[in-house]
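Asks: This is the structure I have questions about; it appears just below.
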């Protein structure tokens, strides 16, 4: 199974996040463990927008872990494409490759870019 890499990079303005995932590694300032993530998305009223950027050579599926702990597929991002996804702080998002292998799992914290590479 490919390694899961989670990173939170605070940008200069302090109002956005960049999370970079890679099967082989990523340049990070802070790593987040999936062990500290909840098994479902918590209620929240603080809206944020995530921009998922697919820099891989394959499509990636973006899934949300709902309030019951069930996975809900939101979109498929083709190679080189990006999507904007409105969400809320604390909501859990998962990115998978076409074979269903998990590439990223993280909690949305603020508006920002999620780079899949």
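Asks: Out of curiosity, is residue 89 touching a residue at least 12 places away in the same chain (Cβ under 8 Å), over 16 Å from residue 101 (Cα atoms) and surrounded by 14 or more Cβ atoms within 10 Å (Cβ to Cβ)?
Replies: Values: touching a residue at least 12 places away in the same chain (Cβ under 8 Å): yes; over 16 Å from residue 101 (Cα atoms): yes; surrounded by 14 or more Cβ atoms within 10 Å (Cβ to Cβ): yes.
Taking the combined requirement at face value, the residue satisfies it.
Asks: With the requirement that a residue be surrounded by 12 or more Cβ atoms within 10 Å (Cβ to Cβ) and either under 16 Å from residue 111 (Cα atoms) or over 13 Å from the mean Cα position of the chain (by Cα) (or both), what does segment 47-57 give you?
Replies: 48, 49, 50, 51, 52, 53, 55, 56, listed by residue number.
Asks: What residue, of 107, 58, 47, is out of contact with any strand residue (DSSP E or B) (no Cβ under 7 Å at 6 or more places or on another chain) and in contact (Cβ under 8 Å) with a residue 24 or more places away in the chain?
Replies: 58 is the lone residue from the list that is out of contact with any strand residue (DSSP E or B) (no Cβ under 7 Å at 6 or more places or on another chain) and in contact (Cβ under 8 Å) with a residue 24 or more places away in the chain.
Just so you know, all these numbers are worked out from the coordinates, no wet-lab data involved. As the structure is a prediction and not an experimental result, all values here were calculated from the model. Note: ideal-geometry Cβ built from the backbone for every residue, glycine included; neighbour counts use all protein chains shown.
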